[in-house]
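**Q** Here it is, the structure in full.
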Amino acid sequence: MRLHHIGLEVTNLEESINFYTDLLGLELESRLSFLGEKIAFLASRHFRLELVCHPHSTNSVHICFEVPDLQQVIKTLESNQIAEGPYKLDNGWETVFFEGPNHEMIEFLQVSPPRKACTSF
């Protein structure tokens with residue numbers, strides 16, 4: 001497991017993209033739409049920032065961990081309530097959100113299919 005991104009809700013996506021790219025030097029990596037929200041990923045060499053445009057933003061933040069097998073994470077955390085998902089995104093990524101013990105949102109993301117063990121050569 002490794003940190004994939006930190007997500008930030010914003011009310012104006014273009015203004016936020018301009019702020020983080022022009023003033024902080026992040027680069028626009030990709031854009032997508034998901035469940036009616038517009039999303040932009042900005043990146044530096046060291047981290048990725050996800051801007052989620054939500055018209056009624058509560059300025060919430062979430063942390064996302066990239067995992068090799070999302071189904072294993074779901075099984076491991078099955079005693080916790082899934083807050084949202086699992087979802088399959090248009091780019092093939094799969095994601096699920098859990099609520100932490102203090103109501104914080106924790107996302108787990110699988111960016112590629114899990115590897116299957118080789119049983120014969």
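**Q** From the residues VAL111, LEU35, TYR20, which one has its Cα farthest along the dipole of the chain in the positive direction, the dipole being from +1 and -1 charges on Cβ of Lys/Arg and Asp/Glu about the Cα centre?
**A** Highest projection toward the positive end goes to VAL111.
**Q** Quick check for you: with a 1.4 Å probe and neighbouring chains kept, what is the accessible area per residue of region 10-121, in Å²?
**A** 69
**Q** Can you compute the charge dipole magnitude of the chain about its Cα centre, using +1 on each Lys and Arg Cβ and -1 on each Asp and Glu Cβ, nothing else charged? Give it in debye, rounded to the nearest 20.
**A** Roughly 520 debye, rounded to the nearest 20.
**Q** So how strong a dipole does region 48-115 carry about its Cα centre when Lys and Arg Cβ are +1 and Asp and Glu Cβ are -1, to the nearest 20 debye?
**A** My answer is approximately 140 debye.
**Q** Where the accessible area of region 7-85 is counted over protein heavy atoms with a 1.4 Å probe, how much of it, in %, is carbon and sulfur?
**A** On region 7-85, the fraction of accessible area on carbon and sulfur atoms equals 51 percent.
**Q** Something else about it: For the chain, set up a Gaussian network in which alpha carbons nearer than 10 Å are linked by springs, and say which option among PRO55, PRO68, PRO86 fluctuates the most.
**A** Ranking PRO55, PRO68, PRO86 by mean-square fluctuation puts PRO55 first.
**Q** A further question on this structure: Mean residue ellipticity at 222 nm from the helices of the chain, using -39,500 (n - 2.57) per DSSP H segment of n ≥ 4 over the full residue count, to the nearest 500 deg cm²/dmol? Let's see the in-between values first.
**A** On the way: 2 runs with 13 residues, N = 121.
Result for the chain, helices only: -2500 deg cm²/dmol.
**Q** Next up: Tally the DSSP beta bridges in the chain and give the antiparallel ones as a percent, rounded to 5.
**A** Numbers: 29 of 39 bridges.
In the chain, DSSP labels about 75 percent of beta bridges as antiparallel.
**Q** If you project the alpha carbons of the chain onto their three principal axes, what span does each projection cover, largest first, in Å?
**A** Each principal axis gives a Cα extent; for the chain these are 52, 36, 24 Å.
The values are calculated or read from the model by the stated rules, or taken from the named source; none is laboratory data. Computed from a prediction, not measured in an experiment: that's the story for all the values here. Counting neighbours? That spans all protein chains shown, and the Cβs are built from the backbone with ideal geometry, glycine included. Heads up: the accessible areas ignore ligands, DNA and RNA and are worked out on the full protein's heavy atoms, side chains in. Shrake-Rupley method; radii C 1.70, N 1.55, O 1.52, S 1.80 Å.
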